Amino acid sequence: ERLAGHADSELTDLGRTQARALHDRLNAEDFRPTHLYSSPLKRAAETARIVSGSWPLPIVDWDDLMETDIGVFEGLTWDEIRSRYPDLGPRVEKSKMYDEVPGAERAAEKRARGRRIVEEVIARHSNRDTVVLFTHGGILDWIFSALMNSERVWSLGARNTALFDFAID
């Protein structure tokens, strides 16, 4: 229940079990990507290694796929945040907008990063490619916004090992 942000934590045993389940599902569906990219944070990189274990492809680390930086909230639970930051914590918890949090990545920076990811994938790949990105829920919201060509951001509430499938032509 701790907010991870840029914290470079290992996968838990449950996380490894979830990654193996996703590996098994994708293999059962005979899913075969052509390119793999991963956040360099340990939890995403290990998920990428487990899930892609049957695919003879290199996993390319891509810093832009890292989770959003949540500044001084990193490593804290919401209870700890509300206790340490009684004015700020509840506002951020409700809005999910971290611009006021000391040291946090600003919305404009996250928006630019989401757009950069989408633009890079489109520039690097053709319609014949199947690209897999191993990333995090926070930045995924901004990637989705870029895919929709929207200034609006939705909180997708992505769970661990959630799978989103987008076709871009």
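The values are calculated or read from the model by the stated rules, or taken from the named source; none is laboratory data. This one's a predicted model, so the numbers in the text were calculated from it and none came from an experiment. Positions of Cβ are generated from backbone atoms using ideal geometry, with glycine treated the same way; all protein chains shown enter the neighbour counts. Surface accessibility is based on the protein's heavy atoms, side chains included, excluding ligands, DNA and RNA. Shrake-Rupley method; radii C 1.70, N 1.55, O 1.52, S 1.80 Å.
If every alpha-carbon in the stretch 84-169 counts as one equal scatterer, what log10 I(q)/I(0) does Debye give at q = 0.23, 0.24 1/Å?
Ignoring solvent entirely, the Cα scatterers give -1.22, -1.29.
Enter the accessible area per residue of the stretch 97-165 (Å², integer; probe 1.4 Å; all protein chains in place). Kindly include the intermediate steps, with their values, before the conclusion.
On the way: 4040 Å² over 69 residues.
Per residue, the stretch 97-165 has 59 Å² of solvent-accessible surface.
List the residues whose amide H sits under 5 Å from the amide H of I70, counting only those 5 or more places along or on another chain, with H placed 1.01 Å from N in the peptide plane.
H6, E105
Express as a percent, rounded to the nearest 5, the fraction of DSSP beta bridges in the chain (both residues included) that run antiparallel.
Counting only bridges with both partners in the chain, antiparallel ones make up about 10 percent.
What residues have an amide H closer than 5 Å to that of T130, excluding those fewer than 5 places away on the same chain, when H is modeled at 1.01 Å from N in the peptide plane?
When sequence neighbours closer than 5 places are left aside, the close amide H contacts are T34, H35.
Can you give the calculated 222 nm mean residue ellipticity of the chain, where each DSSP H run of n ≥ 4 adds -39,500 (n - 2.57) and the sum is split over every residue, rounded to the nearest 500 deg cm²/dmol?
Numbers: 6 runs with 70 residues, N = 169.
Calculated from helices alone, the mean residue ellipticity at 222 nm is -13000 deg cm²/dmol.
Rounding to the nearest 10 and keeping the result within 0 to 90°, find how far the Cα-based axis of helix 137-147 lies from the longest principal axis of the chain.
Orientation of helix 137-147: about 70 degrees from the principal axis.
Which Cα, out of H125, G157, A104, lies furthest along the positive dipole direction of the stretch 60-169 (beta carbon charges, K/R +1, D/E -1)?
Looking along the dipole axis, the top candidate is G157.
Could you tell me how many degrees, from 0 to 90 and to the nearest 10, lie between the Cα long axis of helix 107-124 and the main elongation axis, the longest principal axis, of the Cα atoms of the chain?
10 degrees
Could you order peptides 6-16, 30-40 by the average number of other Cβ atoms within 10 Å of their residues, highest first?
Details: 6-16: 13.0, 30-40: 16.1.
So the peptides 6-16, 30-40, ranked by packing, come out 30-40, 6-16.
Ignoring ligands, DNA and RNA, what percent of the accessible area of the chain is carbon or sulfur (1.4 Å)? Don't skip to the end; give the middle numbers.
Numbers: 4840 of 9820 Å².
Taking all protein chains in place, the chain shows 49 percent carbon and sulfur surface.
Could you state the principal axis extents of the C-alpha atoms in the chain, from the largest down, to the nearest angstrom?
Cα spread of the chain along its principal axes, largest to smallest: 50, 37, 21 Å.
With unit charges on the beta carbon (Lys/Arg positive, Asp/Glu negative), name the residue among H136, S95, G114 whose Cα is farthest towards the positive pole of the charge dipole of the stretch 71-151.
Value computed over the given set: G114.
How high is the relative contact order of the chain, in percent, with contacts defined as C-alpha pairs under 8 Å that are six or more residues apart?
Numbers: 235 pairs, mean separation 45.3, N = 169.
The normalised contact order for the chain reaches 27 percent.
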